[in-house]
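Beneath this line is the structure, given in structure tokens, with notes to follow.
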Amino acid sequence: MDSLRAAIVDGRNTAADDDQFIERLAQLQHEHGPMVCRSIFQTLAGIDLPRDTAEDYWRQVLYRRQQLSRILGRNVDLMTAMCDFLRSETRYLPHPRLVEVDSFERIVYESMYDGLTGLFNRLYFDEAFAHQISLAKRYNTDLSVLFLDVDDFKTINDTHGHIVGDVALKKIGAIIKKTKRDSDLAARYGGEEFVLLMPHTESINAFILADRIRQEVEKEEFTAHDLTYRLTVSGGLASCPLNATEPADLLHMADSATYMAKGSGKNTICLFKKDKRRYLRVKLMQPVLIKEMGFNDSQAYEGKSKNIGIGGILFENDTPLPVGAHVQVSITGRNNAPLLLIGTIVRIESFGPNSYDIGMAFSFKEMEKIATAEIAQFLKEGA
């Protein structure tokens, strides 16, 4: 709901006049349905109406504005028409009062944002999360949620004081805001916990973004009161519909994966795994051929697989490949039949000169998506 309120406030602040503002509200109604009318009254009048009542009242407010404009011979302000309607025709505004716009916007800001980091607050996140889950289920799209927890943050507070801790939280919030995409929603969930909502993002791409944030925090140098120090974060990822389709379940899974990351040494990101037996990996020591996709002159590398599971393969190679790269791995399957896997590089570790362990994650859905994009590019170039 608060995501709609934010859109309404933004529309009011950027519209040239009330007519344009009303057009933008109509567009929101077209995109999100009758719940928008409820948000309009919550945002502009501070009252909470049932959905059907809000939709009916909104039509009457617009009609009241037309009536008043015709009687007075000039355009009547939307807020004037809303106040007149609610005051005279309903019981919802018995004692109206004027509020200066800066005060109104400050109240709206404080209800949506965390005062320390400038990220959204938990209340806003919870409502926006429920709304985005509904959209994901309605349109059958992916959605991922990331929990981030600052490692050993209590030590910072206990040793150097809460002011130093607040500076650290503010800077981590800025790193998250800078690194995330425009479509992602970042919030401070409480204390040293942050949460990132990633619409239209399946688990592999969510992992790549999450690890990028982790790396940015790791390399950042924190300074406060002549003290210089470094921090790391641990995170847990869960995805809809892969892991769950309800907000509470998805958050619990992301939180559980965060504990897994803490337990595995901190400064890492873990994907939620409901049943480890489903992710059984077996040793597979045999030659593989690796080729990065998207480049006509891409070099093919000869490597050696080490293990394979339902969701990924680990292979050794003498050349590093960038995290996030789409690659195809050719391996000999049963009865010597070639098996072609398409996926995304999610991890790379160096074990000495020209010796790298490379983890590639794949899913059948993602393989289909990447292959379709690759074929489309061939068709475009050949046309």
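A straight Cα-to-Cα reach below 16 Å connects K273 with the lysines K262, residues fewer than 8 places away in its own chain not being considered.
Cβ crowding within 10 Å, taken as a proxy for footprinting-reagent exposure, orders R38, R230 from fewest neighbours to most as R230, R38. Amide H contacts of M293: H326, V327, Q328, each under 5 Å away and 5 or more positions distant or on a separate chain (H built 1.01 Å from N in the peptide plane; Pro and chain starts excluded). Relative contact order, whole percent, for the stretch 122-274 stands at 29, derived from Cα pairs under 8 Å and 6 or more residues apart.
In summary, the aspartates and glutamates within cross-link reach of K304, defined as a Cα separation below 12 angstrom excluding same-chain residues under 8 places away, comprise E316, D318, D357. Pairs spanning more than 18 Å between alpha-carbon atoms, out of K177/K219; K219/K266; K154/K180; K178/K219; K137/K178: K154/K180; K137/K178. Rounded to the nearest 10 degrees, the inclination of helix 101-112 to the longest alpha-carbon principal axis of the chain is 40 degrees.
Extension gain, S355 to T332, is 6.0 nm, computed as 0.36 nm per intervening residue step minus the present C-alpha separation.
Using the Cβ-Cβ distance between R59 and N140 with R0 set to 41 Å, the FRET efficiency from 1/(1 + (r/R0)^6) comes to roughly 0.80.
One decimal place: the segment E292-K273 gains 4.0 nm when fully extended, by the rule 0.36 nm per residue minus the C-alpha distance. Per-residue 3J(HN,Hα) values for the stretch 14-31, derived from phi via the Karplus relation 6.51 cos²θ - 1.76 cosθ + 1.60 with θ = phi - 60°, read 9, 5, 5, 7, 5, 5, 5, 4, 5, 4, 5, 5, 5, 5, 4, 4, 5, 7 Hz in sequence order (x marks Gly and Pro). Within the listed set I71, I358, I308, the Gaussian network model of the chain (springs between alpha-carbon atoms below 10 Å) gives the highest mean-square fluctuation for I71. Calculated mean residue ellipticity, 222 nm, the chain: -15500 deg cm²/dmol, from DSSP H runs (n ≥ 4) at -39500 (n - 2.57) each, averaged per residue and rounded to 500. Result for the chain in a Gaussian network model with C-alpha springs under 10 Å: among N354, N317, N140, the largest mean-square fluctuation is at N354. If R0 is taken as 30 Å, the Cβ-Cβ distance between E302 and E218 corresponds to a FRET efficiency of 0.40. By DSSP, the beta bridges lying fully in the chain are antiparallel in about 95 percent of cases. Once the gyration tensor of the Cα atoms in the chain is diagonalised, the equivalent ellipsoid follows with semi-axes of 49, 27, 18 Å, ordered largest first. Fully extending the segment from E368 to T14 would add 123.3 nm, taking 0.36 nm per residue of separation and subtracting the current Cα-Cα distance. Take every pair of alpha-carbon atoms less than 8 Å apart whose residues are at least six positions apart; their mean separation over the length of the chain yields a relative contact order of 10 percent.
Since every read-out is calculated from the coordinates, none of them should be taken as a lab result. Please read all numbers here as calculations on a predicted model, not as lab measurements. Every residue, glycine among them, receives a Cβ derived from its backbone with ideal geometry; neighbour counts consider all protein chains shown.
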